[in-house]
Amino acid sequence: MPESVTLVLFAHPAVERARLGPMMAEAAAGMPDVEVRDLYELYPDFTVDVAAEQRALKRAGRVVMQFPFYWYSTPALLKEWMDLVLTHNFAYGAKGYALEGKILACALSTGGADHAYGEGGHNRYSVHDFLRPIEQTARLCRMTWERPFTVHGAAVLSEDERAATVERYRRWLTRLGPEDRS
């Protein structure tokens, strides 16, 4: 695959109960130059094939972590993936930086409404604030951090709203664009 591919790391631990995430991942998989890796399908026992994942990262120009927002963070397997795959001297370090210049972004869904995230909301902080560790990971790896694609109240969206959200996601993935951005 050319380096213009967008790699979507789909991490949903309860896909059988999900209403939106699998639709988004399926739509992404149907797009040209998009590779979707379903981490929970690939690694149900959490035994991540580090070499395979690093090869996939090398092929990509853009990396999207798609997940439901669980306890203000990523699902466990995505965190495990980051811990194992983004190694010293591969993703960062004196002999590393295989990801330099690539784009990193998140596509996430929350159960709460948008007004629940922010200074006056139930969760006190914005989604952007909760994603700071991933943003800093991008910076450490010399990647370009893009603003996330966020869907609030995913569980209560109507069928029409889910379809519209999937279409917005496809447009967002397309706008991430090639890495020749200046």
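Looking at the stretch 21-87, the helices (runs of 4 or more DSSP H) lying wholly inside it that each contain 2 or more residues that are closer than 30 Å to LEU157 by Cα sit at 21-29, 39-42, 76-85. Selection over the stretch 1-20 of residues that are out of contact with any Gly (no Cβ under 8 Å at 6 or more places or on another chain), assigned to a loop (DSSP other than H, G, I, E, B) and crowded, with 18+ Cβ neighbours inside 10 Å gives a count of 2. A search for C-beta distances below 6 Å between a residue of the stretch 120-140 that is of a type outside the set (A, V, I, L, M, F, W, C) and any residue that is modelled with pLDDT under 95 and not in a helix (DSSP H, G or I), counting only pairs 6+ apart in sequence or on different chains, returns ASN123/TYR117; SER126/TYR117; SER126/GLY118.
Note on the stretch 26-65: among residues that are of a type in the set (Gly, Ala, Ser) and farther than 21 Å from THR137 by Cβ, the one that is surrounded by the most Cβ atoms within 10 Å (Cβ to Cβ) is ALA28.
Going through the stretch 22-39 one residue at a time, which ones are within 24 Å of LYS102 (Cα to Cα) and in contact (Cβ under 8 Å) with a residue 24 or more places away in the chain? Across the stretch 22-39, the qualifying residues are MET24, ALA25, ALA27, ALA28, MET31, ASP33, VAL34, GLU35, VAL36, ARG37, ASP38, LEU39.
Across the stretch 66-124, the number of residues qualifying as surrounded by fewer than 13 Cβ atoms within 10 Å (Cβ to Cβ), of a type in the set (Lys, Arg) and closer than 22 Å to VAL48 by Cα comes to 0. Residue check: TYR169 meets all listed conditions (1) at pLDDT 95 or above; (2) more than 15 Å from MET23 (Cβ to Cβ); (3) surrounded by 15 or more Cβ atoms within 10 Å (Cβ to Cβ); (4) under 17 Å from the mean Cα position of the chain (by Cα) but one, namely (2). Criterion first (within 16 Å of the chain's Cα centre (by Cα), charged (D, E, K, R) and within 19 Å of THR165 (Cβ to Cβ)) does GLU35 satisfy it? No: the conditions fail for GLU35.
On inspection, PRO13 qualifies as touching a Pro at 6+ places or on another chain (Cβ under 6 Å) and at pLDDT 95 or above.
Output yes when any residue across the stretch 58-77 is closer than 25 Å to SER4 by Cα, free of Cβ contacts under 8 Å to residues at least 24 places away in the same chain and either aliphatic (A, V, I, L, M) or out of contact with any helix residue (DSSP H, G or I) (no Cβ under 8 Å at 6 or more places or on another chain) (or both), and no when none is. No: zero hits. You will find that of ARG162, ARG147, ARG139, the residue that is touching a strand residue (DSSP E or B) at 6+ places or on another chain (Cβ under 8 Å), under 23 Å from GLY21 (Cα atoms) and surrounded by fewer than 18 Cβ atoms within 10 Å (Cβ to Cβ) is ARG147 and no other.
The values are calculated or read from the model by the stated rules, or taken from the named source; none is laboratory data. Just so it is clear, the model here is predicted, and its values are computed rather than measured. Cβ atoms come from the backbone with ideal geometry, glycine included; neighbour counts cover every protein chain shown.
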